[in-house]
Number of protein chains: 2
Amino acid sequence: MKTESITQKGEQASCHAATPEGIYIISSSSAVEDASQLHWAQQHLRALGWQVQLDGDALAVHQRFAGSDAQRLAAIERALNQPHDVVLSSRGGYGLSRLLPFIDWKAVAQSGKRFVGHSDFTAFNLALLAQTGAISYAGPCAAFDFGVEQPDDLTLDLFHEAMTNQLEVLSFEAEGSDAVDTRGVLWGGNLAMLCSLLGTPYFPQVPYGILFLEDVGEHPYRIERYLNQLWQAGVLAQQQAIILGQFTGYHLAEHDRGYDMQAVIQWLRQTVKKPVVLNLPYGHVPLKATLPIGKKIGVATEDDMAYLLIEEHHHE
Amino acid sequence: MKTESITQKGEQASCHAATPEGIYIISSSSAVEDASQLHWAQQHLRALGWQVQLDGDALAVHQRFAGSDAQRLAAIERALNQPHDVVLSSRGGYGLSRLLPFIDWKAVAQSGKRFVGHSDFTAFNLALLAQTGAISYAGPCAAFDFGVEQPDDLTLDLFHEAMTNQLEVLSFEAEGSDAVDTRGVLWGGNLAMLCSLLGTPYFPQVPYGILFLEDVGEHPYRIERYLNQLWQAGVLAQQQAIILGQFTGYHLAEHDRGYDMQAVIQWLRQTVKKPVVLNLPYGHVPLKATLPIGKKIGVATEDDMAYLLIEEHHHE
C-alpha cells in the first residue's frame, strides 16, 4: 500500500493553515501503560514545532481506566479551558462509552478545539457529531502512535497537515474499489464502537454520508454482523459511499471453509448496493491518516486509486 | 449452583400438558460439525417419548454456515409445514442475522410451532417477538447440548417440561441478588446478539420487561459496553428486573487491575437502579433452562433464592 498526501504547501499553506497554539494530551479511555510513551510523543510533536502539554491526569490509573470516571470527565473539561487548540487522546481501549451522558457536548463544540483520537475515541467523535454537528478527528493517539522512538513518519506528517489545514487530498492505492465520484459528510471510525452507539442519542444521523470503518481482533463473521446491523438499521442505504479501512488481528479457523473478509465484502456489495472503496490507510496499524469526522468531503476513484478531497481551497 | 425445577406433575400435568407430536430439528446458523451429534440428540429425545425428525438440510455445509442463505431459509419454511410442533435448532454460531429480513415472521407466528434455540438463535427469538409478539424459546440446541452420549440430565428435563407446559417454577440459588417480586414479559438471551439488533426492526420494545442476559468469550469491558448501550438506548430503564445468566469463557489481564464481572455488575447497579438477579442457569454452559421469550412471567427473590414463575396454573 502506498499512501500519498498530495498537499499544496508554500504559499497556499501560509494562506490557509491555522496557526496552532499547541497540543494538549488527555487520557479519556484506558490507562497509559508506560509513561515513557508520552515523553516520546511530546518529543516528536515538539520536533514538528508544536507546543505540547500533558493533562495532569494523563497518567492516572483506576482499574483498567486512565482514572475514575470523574477524573476522566474532569480531564475533558480541563481540555476545553486550556490555551492549546488541539486536544489529542493518549490512547483507546475502553472507557468513553460510559462517560457520554456526562460530557457537555455543547461546551466541547463551542470550545473550537480540535479533538483527535482513535478506536474507543470513535464514541467521542460520533457523540459530538450527533449532539452538535461539530467536527472532530479520527487519527493517531499520542501513546499508541507517537509513543515510540521511531513513529511512522507519514502518520505524523498526515496528523500535522490535517491539524494545520494543509491536507487537501488524501490519495491511496485502492485496487478493487467501486467507481465513485461524490461528496458527502465523512463519518465513521471503529466499527464495533460505531455499532455500540446504535439506538442511543450518540449515534449521528448522516444522510448522504461517506462512512469509513476499521476494526481489530474481530473475526469476519463479527464484522459482517456489525455491517448487517447497520444495513438493517437503514444506515448503509443512506450513504453515498462506504470506505473500508484496515481490518486486522483476527484469526480464521478451519471451519470457516473459505469464509473471510473477501466473503464479507462480497456479501456487503450484493446486499447494500452502494459503492465500496477499499484500503483506506486507517485502522489499528502504524500508518493512519487523520480524518475530519463531520466534514463534507469528496471521494473519487480512478485507475485503482482513491482520492479523498479533504480541503477545498479556492485559489484565485 | 443448585437448580431445582419445582414442577407439579401427575394430575396437573395431565390436565395442562400439551400433547406434542414431536420435534423437528433444523440448522439455521453455523454448520453442524459432526453428524453423530444429531444422532445422539435424536436418541436422547426419543428416550423421553418424542418423535424426532431431522430436516433434510440439517447437515448442510456452505463455508461456515449450515448451507447457503437460501438453504437455511428453506429449512425454516419447511419447519412451518411439517407435523411436529417443536422446532429445535441444531446449534448457534452465526448465520441468522442476515436472514432476518427474508423470514416470513407472520407465518412463523401463525404456525403455532414452538421454536427453540440458543446463542445465535436469540436473533430469531427477538425478531419474532418484535415482528409479531409471538412466544418462542431460549434453550438448548440439539447438537450443542444433546449431541453427546451423556447430556446434562437437568437440561434435558427442563427442556421436556417446558415443551409440555409442566415447568411451573424455575428456582435457583441467587446469592447477592436484589429484592424483587414482580411480573413482566420475559425476553433476552445472548447479550451480543441482542445488541446486534438495536436500531433495527428486529429489536423488540418490551416495556415493564424482565430481561435476561448471558454471553461467552466476551471480556467484562465488552459486556459492560453492551449493557451501557442498552442503558443509553433507554432499554434498561424500561425493565422491571435484569436477570444475569452465566458469563463465561473470558480472560482477565494484568492490566485490568481488579476490573472484572463484579465491577461490571457494580457499575450496572449504580447506573441503572433496577433490581438485578444473579446466577440464572442459562448461558454457554451445560446446565441451561428452557425459557419462554415473550411470555409474561413472575420473578421473585427470597433468602438467596430466585424464582421464575413460568406457568401459572389455576388449580381449582
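The values are calculated or read from the model by the stated rules, or taken from the named source; none is laboratory data. These numbers were taken from a predicted model, which means no experiment stands behind them. Counting neighbours? That spans all protein chains shown, and the Cβs are built from the backbone with ideal geometry, glycine included. Remember, those area values only see protein heavy atoms, side chains included, never the ligands or the DNA or RNA. Shrake-Rupley method; radii C 1.70, N 1.55, O 1.52, S 1.80 Å.
What is the Cα radius of gyration of the protein assembly as shown over 2.2 N^0.38 Å, N being its residue count? Present the calculation step by step, with values, prior to reporting the outcome.
Details: Rg = 26.4 Å, N = 632, 2.2 N^0.38 = 25.5 Å.
Cα Rg divided by the expected 2.2 N^0.38 Å: 1.03.
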I'd like the carbon and sulfur percentage of the solvent accessible area for the stretch A:43-99, probe radius 1.4 Å, heavy atoms only, ligands and nucleic acids excluded.
47 percent
Say R0 is 35 Å: what FRET efficiency, to the nearest 0.05, do B:Q238 and A:D304 get from their beta-carbon distance?
0.10
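At most 12 other Cβ atoms within 10 Å and a DSSP loop assignment: could you name the trypsin sites (Lys or Arg not before Pro) in the stretch B:210-274 that fit?
Here the sparse-neighbourhood loop sites are B:K273.
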Binned Cα-Cα distance frequencies in the stretch A:169-309 - 10 Å width, integer %
12, 45, 36, 7, 0
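Within 10 Å of each Cβ in peptide B:59-65, how many partner chain Cβ atoms are there on average? Round it to a whole number, please.
Details: counts 0, 0, 2, 3, 8, 13, 3.
For peptide B:59-65, the averaged partner shielding equals 4.
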Partners for B:K106 among aspartates and glutamates (Cα-Cα distance below 15 Å; same-chain residues under 8 apart left out)
B:E77
Can you give the Rg to Rh ratio of chain A, both from alpha-carbon atoms, with Rh computed by the Kirkwood formula?
0.95
Which distance in nm do the two modelled labels at A:K296 and B:A70 give, with both placed 7 Å along the Cα-to-Cβ direction?
4.4 nm
How much of the accessible area of the stretch A:223-304, probe 1.4 Å, is carbon plus sulfur, in whole percent?
47 percent
Apply 1/(1 + (r/R0)^6) to the Cβ-Cβ distance of B:A179 and B:E77, taking R0 = 45 Å, and write down the FRET efficiency to the nearest 0.05.
0.45
As a Kirkwood estimate from alpha-carbon pairs, the stretch A:25-88 has a hydrodynamic radius in angstrom of 12.1 Å
Out of residues 5 or more away from A:S177 or on other chains, whose amide H comes under 5 Å of its own, with H placed 1.01 Å from N in the peptide plane?
A:L278
Quick one: which of B:47-58, A:177-188 comes out on top by average Cβ neighbours within 10 Å, and what's the full order, highest first?
A:177-188, B:47-58
At B:Q262, label 7 Å along Cα→Cβ: distances to the other copies, nm, ascending?
4.9
List, in the order given, every pair from A:K113/B:K273; A:K274/A:K296; A:K113/A:K288; B:K113/B:K296; A:K273/B:K113; A:K113/A:K296 whose Cα-Cα distance in the structure shown is over 25 Å.
A:K113/B:K273; A:K273/B:K113
Would you mind listing the distances between the B:P207 label point and the same position in each other copy? Use 7 Å along Cα-to-C-beta, nm, one decimal, shortest first.
2.9
Per residue, what volume in Å³ does the Cα convex hull of the stretch B:250-289 take up?
86 Å³
Ratio of the Cα radius of gyration of the stretch A:3-163 to 2.2 N^0.38 Å, where N counts its residues
1.00
Across B:A70, B:A237, B:A123, the residue with the highest GNM fluctuation in chain B (Cα network, 10 Å cutoff) is B:A70
Virtual spin-label span in nm between B:K273 and A:Y250, 7 Å along Cα→Cβ
4.0 nm
Using a label point 7 angstrom from Cα along Cα-to-C-beta, what distances in nm, from shortest up, separate B:Q43 from the other copies?
6.7
Taking the Cβ-Cβ separation of B:D153 and A:V148 as r and a Förster radius of 45 Å, what is the calculated FRET efficiency to the nearest 0.05?
0.20
